[in-house]
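Here's the structure we're looking at; comments come further down.
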Amino acid sequence: MSGSGGTLRQAAQEGRIVTITCRGCGHGASFLASDIAAFADPDRPIEAVRFRCRECEGQAFDVATAVFDRDRKPDIIVWRPTRLR
């Protein structure tokens, strides 16, 4: 199951990975939906979460989700968001 849609809470409960791709420069990153929900409103639609590209400072993104199968090793790097003071 892949695609986008739904809330962060639904995506986290389904164990989905959220892949964000910058429309400006093409830079992409993948996160666990549960990690993003810890920093943003979990009842917010996934497409409504705001991101900023660390490469070009752009704010226009394409968002896709996919189910994370814990039985198989993924061939992607999953980043963990942190809040710095």
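A short reminder: the numbers here are calculations on the coordinates, not readings from a lab. Owing to the predicted nature of the structure, the values given are computational and were not obtained by experimental measurement. Please note: Cβ atoms are built from the backbone with ideal geometry, for glycine as well, and neighbour counts cover all protein chains shown.
Basic side chains Lys and Arg get +1 at the Cβ, acidic Asp and Glu get -1 at the Cβ, and with that the dipole of the range 2-69 about its Cα centre reaches some 120 debye.
Compute the signed sum of charges (Lys and Arg +1, Asp and Glu -1) over the other residues within less than 13 Å, Cβ to Cβ, of residue 8.
-1
With Rg and Dmax of the Cα atoms in Å defined as stated, name the option among (1) 11.9, 34; (2) 12.4, 37; (3) 21.1, 56 computed from the structure displayed. Only one listed value fits the structure, namely (2).
Expected output is a single nm value to one decimal: the length gained when fully extending between residue 72 and residue 43, i.e. 0.36 nm times separation in residues minus the C-alpha distance. What is it?
On the way: separation 29, 0.36 × 29 = 10.44 nm, distance 2.88 nm.
Working it through step by step, the gained length comes to 7.6 nm.
Positive end of the dipole of the chain (Cβ unit charges, origin at the Cα centre): among 56, 6, 26, the Cα lying farthest that way belongs to 56.
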